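Presented below is the structure to which this report refers.
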Amino acid sequence: MKAAAVSLVAVILVVAACSDPGLVGQTQPAVIGIASGLPLDDARIKDAQRAVQAAVEEHPKVHGYRLVYRSFDDTIGGKFDPDRALQNAKLMVSDSKILGVVGPWNSNSARLAIPVTVQDNLVIVSPSVTSDCLTARPTACFKGDPAPAIADNFFRIAARDSVGARMAAALAIRNLGIGRAAVIVHDDPTGRTLGDAFRTQFELMGGKVVFNSMYSPTAQTYAPLLRDARAAGAEALYVGGASFIGACRVRAAMDGIFPAGAYFISGDGIADAECITDAGSTANEHLVATISAREPGTVPASLKSLSRGQPYDAYNFAAYDCAQILIAAIERAIAGNGGNVPTREQVRKAVAGTTDHKGLTGTFSFDPNGDARCSLAAAQRPPARLSRLNVEEKTAVLLEQSLQTPRKPRSWSSSRMASTTQRSLV
C-alpha cells in the first residue's frame, strides 16, 4: 500500500492487578499495534482502529491478563512524519512490556519501522503492506541505521505487489479478453516490480506486451507516449505507479487516443480519491486496481458500522484479522511459558507458527519469509460497487507452474463479465 500518512494503534496486555493501563513507559505489560496510512481524523482509518478495538474487546482477558488498546500517531498535521514514526517505534521497542504490533499500513513506513523493531524481536503483522522486497530475503529494502539484511519479525497477510500484478495479467487475458498490452511504469522499485511481474505473467499466458516505457509524474502531457503505445498495437495499459505520482493522469490522457472501452490496470496505489479526481471522466468500469485483501461477505456485529464497498475498506477488515492472529499467538506464547508473560521472541515464534488461522478476509498460515500462504489479491474497479476476483496467492504459483501452454485470449461481453467476475482464475 502506498499511502503517505501512517498511524499506529496498539493493543496492550495488562496484568489484571493494574487498575489503569497508563502511558507507554509506565508499569504495564504488552502492546500490540496497528499502523494506518491516513491521518487519524480520517473516518476510514478510524474504521481500522475500530476493527482492532473490536478484536481486543472479544478477548477482555488472556490467561488472566487484561487486554486493552492504545494509539500511536505517526502523523503531524495530517501528514506522515518519518521522525515521529521512528520515535514511536523506538518508544515501543524501549518498553519491554510491548509484545507485538499490527501494522504498518504502508510499505514506506515498514521500511522505517522494521530496522528498529527487529533489534529486539518485536513482531509486526501487517494487513496492507505489499512491497516485495520486505519479505524477498535476503534482498531487503529497509531504511535507517542499522538496516538489516534479513528481518524475521515482519509478517503480513496482504499479497505482495508481484502477486497482484500477476493476478492482473490473468484477469486481463482470461476475463477481459486482452491479448496485446502496453506496460508503462514509474522508475522506482515498486513500479518496476509491478511491470515486470505483469509482463512475465501476461506473456506466459499467451498475451503479448507490445510496448514498454516509463512515465514521469512531472510530464506536461502523456499524449506522445500513449500514441506510441497505441501505434504499437496495445489494446490496454498496465501501469506500475500510484496516484500520488501521477498514474491516473496517464489514465485521463488515454481519452481520445485509446478506444473508450480500453482498460487501464494498476496496483492498489491508485485505489483512492486522488485517482478518481485525476482520471476525471475516465474513472469508470475500465479503470481497474488490484487490492491485496478481500472484503468479507459477512462480519460480526461489532464491525457492522465499518464502511464497506470502497477499495481500501478491505484492509480495515484485514487489520481485524491481524489483531486476532497476534492475540492468538500471545495466548499460545503465555501457555507455553507456564502462564507467565512471554518474551518477544516467544511471541514472534508463535506468530511464525500460525497455521490455518480462519479470519474474515481469508485463512492464513505464514511461510518462512513472513508472507501469508493464502494472501489474496482482488481486482477492483474504482470507485464503489466494484466487481472483484477472490484469488489466493497459491493461484499465482499454480499459474506459473501449470500454464506453460499459451491460451488464446477469450473475448467477454459486458453482460457476461458481470456473471463471471466471481469465477476463480484457475
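Observations, loosely collected:
- Amide H within-cut-off set for residue 366, under 5 Å, with H built and near neighbours excluded: 354, 373
- Ordering of 360-368, 345-353 by burial proxy (mean other Cβ atoms within 10 Å per residue, highest first): 345-353, 360-368
- Exposure proxy order (Cβ contacts within 10 Å, fewest to most) of 75, 298: 298, 75
- Backbone HN-Hα couplings from phi across region 316-327 [Karplus 6.51/-1.76/1.60, Hz, Gly and Pro as x]: 5, 6, 5, 4, 4, 4, 4, 4, 5, 4, 5, 4
- Long-range HN-HN contacts of residue 215 with modeled amide H, under 5 Å: 185, 186, 187
- Close amide-amide hydrogen proximity is noted between residue 292 and 378, each under 5 Å apart and 5 or more residues distant or on a separate chain (H modeled in the peptide plane; Pro and chain starts excluded).
- Using θ = phi - 60° and Karplus 6.51 cos²θ - 1.76 cosθ + 1.60, couplings along region 57-67 (whole Hz; Gly, Pro as x): 5, 6, 10, x, 9, 10, 6, x, 8, 7, 9
- Protection proxy ranking for 82-89, 176-183, using the average of other Cβ atoms within 10 Å per residue and placing the highest first: 176-183, 82-89.
- Taking every DSSP bridge with both residues inside region 218-372, close to 35 percent are antiparallel.
- Shape of region 231-367 from the C-alpha gyration tensor: prolate (a/c of 1.5 or more and a/b above b/c, with a ≥ b ≥ c the square roots of its eigenvalues).
- Using θ = phi - 60° and Karplus 6.51 cos²θ - 1.76 cosθ + 1.60, couplings along region 83-93 (whole Hz; Gly, Pro as x): 5, 5, 4, 5, 4, 5, 4, 5, 4, 5, 5
- Taking 0.36 nm per residue of sequence separation and removing the Cα-Cα distance, the residue 61/residue 328 pair yields an extension gain of 94.9 nm.
- Between residue 231 and residue 277, the FRET efficiency from the beta-carbon distance, with R0 = 41 Å, is close to 0.90.
Throughout, read-outs are computed from the coordinates displayed, never taken from laboratory work. Values in this document were obtained by computation on a predicted structure and should not be read as measured data. Cβ sites come from the backbone with ideal geometry, for glycine too, and all protein chains shown count toward neighbours.
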